[in-house]
Structure formats: structure tokens, C-alpha cells
Amino acid sequence: MKTYTGIPASAGIAIATAFVYRDEEFPEVPRYIIKKTEINAEWKKLQKALARSVAEVKALYEKAKREISREQADIFQAHLLMLEDVDFHDQLLARMKTSLRNIEWVVWDVSHETSQKLMMSADPVFRERAVDIADIARRVINNLLSVKRNRPSLAKMDRDVILVARNLIPSDAITIDKSRVKGLALDEGSQTSHTAILARAFGMPAVLGLSTISKKIKDGEMLMLNGTSGTVTVNPDKRTLTRHENEVKQQRKRSDLLAKLRDLPAETTDGRRVTLKANIGFPEEAERALRSGTEGIGLYRTEFLFMSPGKAADEEAQYEAYSRVLKTMGKMPVTIRTVDLGGDKLVPEFQDNEKNPLLGYRAIRLSLANPELFKMQLRAILRAGVNGNVRIMFPMISGIEELEQARALLDEARAECKKKKQAFARDIEVGVMIEIPSAAMTADILAEKAGFFSIGTNDLIQHSLAVDRGNEKVSHLGDSYHPAILRFLKQIIDAAHEKGIKAGMCGELAGDPAATAVLLGLGLDEFSMTSLSIPHIKEIIRGVNMESCKALANKCLRGRSTSEVRSSIKAWMSANDRVKKR
Ligand code: PEP
Ligand code: MG
């Protein structure tokens, strides 16, 4: 058994045998010198090949539009633009005239140079475009040579597989047999690569950036791929397999529930209605969230927009991303969290060699220290706000001064929009993440200046229990059911309610089925989680009553240790199951 770790690009678990796809390199490109008098004939040949290529890409575009979405189909629209780009044609003609090389050679030369340049870019988005150029050039050269693409078809598989490849160009990705390909494991790619975007749109688990996995894995080997943790295990042992098979069963169960529960309210049997929302990190995830029956976005982690090396998203790019989410969600609230860079989400421009990055220059501290950058984000959110129902949330607030400073900069951002006569959303709710113990302890004060709370249990646990959430040696100590955490939760929720604001939670605990009844009992109003968990949590909520949840919460609050709390929950769950079965 061996496990490889890459970039978790599309959540979910898949277990199947490997299908190792060796993409053909470029077709053998004939290279010879032509006479000046032959230029015309070569040029005509190119026109025909381009026309054929355009027809092929148009067909792929229509297929993508029909089978996936308009947005994903745009990848092929971009290919069409490149194929029809007059400058590109002029460049080819000029190169043919100066070099007197045959047209296949010229197409190869020009496209190779362009993609090499893009590959050198620090920006992964540009590096991904290099893949598109290679895809187009291969198609044109194939058509010039009238070569039928002779690689194995991905469109029809005779068994369930996990597709392993160096990379997957978009036109291959679109054709894959989605009923048989259970997961994707690629050497290359990133969260922003087209293939990652497509995998998420297909709902197909994917791990990218696995370096040389396609050379290490053999066809037919058993693989277990976890797109949530970003791991691929080869020949998993029986225990691992059983554990993951159970998770797969859970996954299936969840999808069935999804269909049944989608439009039902998250309401206990005695009528306590709470809100279930989704956490997202990329705009395209909003569509999946909608399908899960979410009532909005409870946490949009915007820092991923800033994590492309060497490039921070400018105001327009941010405006576009936020608008896209808001438009997708329609009237539903979208909570945009201002950047939470730092800690484990390091960006070299801001953090250099901090001894304790988790306690360092991060999140709201970084935003307040860079007011122009912060206001740029706030303006983008305010302006995008006209496209939907936006809320703003500040991360890692440690006390009232930080909230006041952040609010003052928000006022400045509003004034700047007004001055530039830009349309922007006026009445935006402003909330605070409660994820630092000092914020939890002063929640009553923060509640005076906050429109809502969202409890970030991931950090709250890390900081309260002094356990680095990324360190596997101590991670078992970061237990959500520590009595200290439960006391914090009660204090935060009570403080919110006393001041008449809602208390939500967007840390992982909100999507933990074992915690649902306790959180209901403590009075939590809003649960925000990965959209895959929404149906399951909704099912639990719809099967419990508040009286029993409150009794459980009180019992847990009296717990003296983590194990006492856990056993109270366990006992409650089995008693509740027995009641339901009766
Ligand atoms: C949290 O800390 O619980 C949280 C939701 O924020 P993040 O996981 O992005 O730190
Ligand atoms: Mg956090």
C-alpha cells in the first residue's frame, strides 16, 4: 500500500482500478523546406484544416453546453476564438514566408513557442492556457495531416475506473465516460485548472498536481482516491478499503437523501427552524451548493483568489468572482469573508519566515495593515452586492477595536464607490467570525457592533486547546467535544441572542452529524458546511425535537472531560435511534 498526496481539486471518494491514459504527444510533424511558389497551396491547406478544427470544436462546445453548463462550455468558446484569431493566422503566414517551412512545421513552431512562454509564467491561469494552445495545435496539425486521433477513447469505458494521466486537455475531459470514470488523478493541474473546474462541475472526485503518478501507477492497479484530502492510495489494504468503502456507501446515501430532502425545510419535529448554508472557496462551487438544497452561502473563503503566485486578484477580478456567486444564488444570502491569508494559507508577498504563522500576520490583521488592499476587496464586494444578497464577514477578529477599524474602512470603501459614482449595495449586514478565544470571551461586546456571528470552530479549537490544526502529531488533541469548547459555544450563542443577533457556525463542526443535536440544543441558528453534508445534517435536524436536544446540550455542558461529553452524545444518539425505530 502506498499513498500519494496532491492537490484536493474535487471532493469525494472513489475506489476503482486504474486506467492509465497515455496521451499521445504531438503527432509526428513533417519538417521540410518549401518553395516560395508553394506558399499559396500550403496556406489553402491550412484554411481547410482550420475550418475542420472549428467544426470539431463547435461540436464539442454544443456537447458541453448540453451536458454540463454554459460556463464550462466557454472553455471551447475560448478555443474557437484562438482558432479564428486573425493575428494568429497572420503570425503563421509571416513565419511561413520568412522561414519557408511547411505549414505543419510552422504551426508546431509558433504554438510551441507561445505555450513555452505561457508555461514560464508564475500565474497558474496562464500556465493552464499553455495546455489549451497545445490542444488546439494538435487538433490543427492532425487535420492538416488528416490523421484521425488515435488515442484510446475515454468516451466509452467497459469498467469503472480511476483515470490516471499526466494531464487531461479540456477536449478529452469533456468526452470522458462520466458513468464509468469515478475519479481523476493527474500529475499536473491546480485548483484553477480547467480540468479541476470540469471535475467539480461533473461532481467527480479529483486529485491533481500528483507530480509523476502517471508513471508510477500501472493499469489495473486498485486505487482509492480521496478528493477531499487530496490523496491517492495504491493497493489499499483491507482495513483501509473497508473504511473507505463505508465512506463511499455514506456518500451514496447522501446523494439519495439529497434528492429527497432538497426542498424540505431544516426544521425539528417540534417546529424549530434553522438555516443550512454552504461553505465555498471557488465561485463555480455555488452551482453544486444550490443542488444540495442550501439556503445560501454561509462562508465564501475569498483567499484562494489571492493565492496565485505573484498575482493578487485586482478589483475587477474580485468583482467578477463575487458577482458570479451572487448571481448564481439569486435572492439567497451570500456571506463573503474578507481574506483570511496567513496561518496555513501563506502568501510569500506578505509572510516571510514567521516563527508562528498561526499566531502571526494573518487574516484581519493583514487586511488592517494593508488598508488599500483591504478597501479594494471591500469595494469589489460592495459593487458586486448589487447583483444579489451579499453579507460581509471579518475573519480572526480578536476584539472590538479590530471590528471598529474594519467597519471604518468599510465606510471609506463605500464613500470611494460613491465618489466614483459606482453602483453598490447599501444595506449590507456585517458579521464577525468568532474563532479566537478573546472574541469568544468578549462576544457580548462584539455583538453590539456585529450584525451576526459565525463561529469558526476550526480556529477556535486550535487556539483554545493550543493544538495546531495542521499537525498530525497533535491533531487528536484538538477535540471539538472538549468541555472548554462547549462552554465557549454556549457563551457565544447566548451573547448573540441577548443582543438580538443570529449565531451561526461555519467551522467543520457545523457539518459533523454527531454535533447536530448538541448545537441545536445550544441554540445555534445557522449551520454552514460543505454542500455534500447538507442533506445528512438536514435529515438529522428533521428527526429530533428541541426538548431532547436541550437536555442533551445541558448534559454535555456538565461533562467534565471530552470522553464524558462523547459518551453522553453516543448514548443520546442510540436512544434517539431507538425512539425513531419504534
Ligand atoms: C474556521 O476557522 O472554523 C473557519 C471556518 O475558517 P478557516 O477554516 O478558513 O480557517
Ligand atoms: Mg478560521
Rounded to whole Hz, the Karplus (6.51, -1.76, 1.60) HN-Hα couplings of region 220-230, x for glycine and proline
x, 5, 6, 10, 10, 10, 10, x, 8, 8, x
Provide, in order from the shortest bin, the percent of all Cα-Cα pairs of region 485-582 in each 5 Å bin, continuing until the bin that contains the maximum pair distance.
2, 13, 24, 25, 21, 11, 3, 1, 0
Give me the distance in nm between label points sitting 7 Å out from Cα along the Cα-to-Cβ direction at Arg273 and Asp160, one decimal.
4.0
Modelled label-to-label distance, Ser561 and Arg22, 7 Å Cα→beta-carbon offset: nm?
5.8
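Stretched out fully, how many nm does the piece from Asp494 to Lys355 gain, at 0.36 nm a residue minus the Cα gap?
Using 0.36 nm per residue and subtracting the Cα-Cα distance, I get 46.4 nm.
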Projected label distance in nm at Glu315 and Arg243, using a 7 Å step from Cα toward the beta-carbon
5.0
Can you give the log10 of the normalised intensity I(q)/I(0) at q = 0.16, 0.18, 0.34 Å⁻¹, computed with Debye over equal Cα scatterers of region 433-472?
-0.40, -0.49, -1.12
With contacts defined as alpha carbon pairs under 8 Å and 6 or more residues apart, what's the relative contact order of region 381-471 in percent?
32
Protection proxy ranking of 518-527, 403-412 - average other beta-carbon atoms within 10 Å, highest first:
518-527, 403-412
Mean ellipticity per residue at 222 nm, deg cm²/dmol - from DSSP H runs of n ≥ 4 across the chain, formula -39500 (n - 2.57):
-15500 deg cm²/dmol
From the convex hull of the Cα coordinates of the chain, what is the mean projected area in square nanometres?
29.3
Degrees, to the nearest 10: 39-67 long Cα axis against longest axis of the chain
30
Taking a quarter of the surface of the convex hull around the Cα atoms of region 1-89, what do you get in nm²?
10.3
Any idea what the alpha-carbon Rg over 2.2 N^0.38 Å comes to for region 241-330?
1.39
Specify the inter-centroid distance of region 49-66 and region 420-452, based on alpha-carbon positions, in whole Å.
49
Using the beta-carbon distance between Thr5 and Asp444 and R0 = 25 Å, what value does 1/(1 + (r/R0)^6) give for FRET efficiency, to the nearest 0.05?
0.05
Arranged from highest to lowest average of other beta-carbon atoms within 10 Å per residue, in what order do the peptides 375-387, 263-275 appear?
375-387, 263-275
Checking the table Lys178/Lys216; Lys418/Lys499; Lys249/Lys538; Lys218/Lys249 against a 21 Å threshold on Cα-Cα, which pairs fail?
Lys178/Lys216; Lys418/Lys499; Lys218/Lys249
Relative to the first principal axis of the alpha-carbon coordinates of the chain, what is the inclination of helix 103-119, with its axis defined by its Cα atoms, in degrees from 0 to 90 and to the nearest 10?
30
Apply the Karplus parameterisation 6.51 cos²θ - 1.76 cosθ + 1.60, with θ equal to phi minus 60°, to every residue of region 528-543 and state each ³J(HN,Hα) to the nearest whole Hz, in sequence, with x for glycine and proline.
10, 7, 4, 4, 4, 7, 4, x, 5, 5, 5, 4, 5, 4, 6, x
Ranked from highest to lowest mean number of other Cβ atoms within 10 Å per residue, what is the order of the peptides 43-50, 177-184, 236-243, 138-145?
138-145, 177-184, 43-50, 236-243
Taking Cα pairs under 8 Å and at least six residues apart, what relative contact order does the chain come out at, in percent?
13
What's the extension gain from Glu404 to Thr212 if we count 0.36 nm per residue and subtract their Cα-Cα distance?
64.2 nm
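Rule-based calculations on the coordinates, nothing more; no lab input. Bear in mind that the values here come from a model prediction, so they are computed numbers and not experimental data. Glycine also receives a Cβ, built like all others from the backbone with ideal geometry; neighbour counts cover every protein chain displayed.
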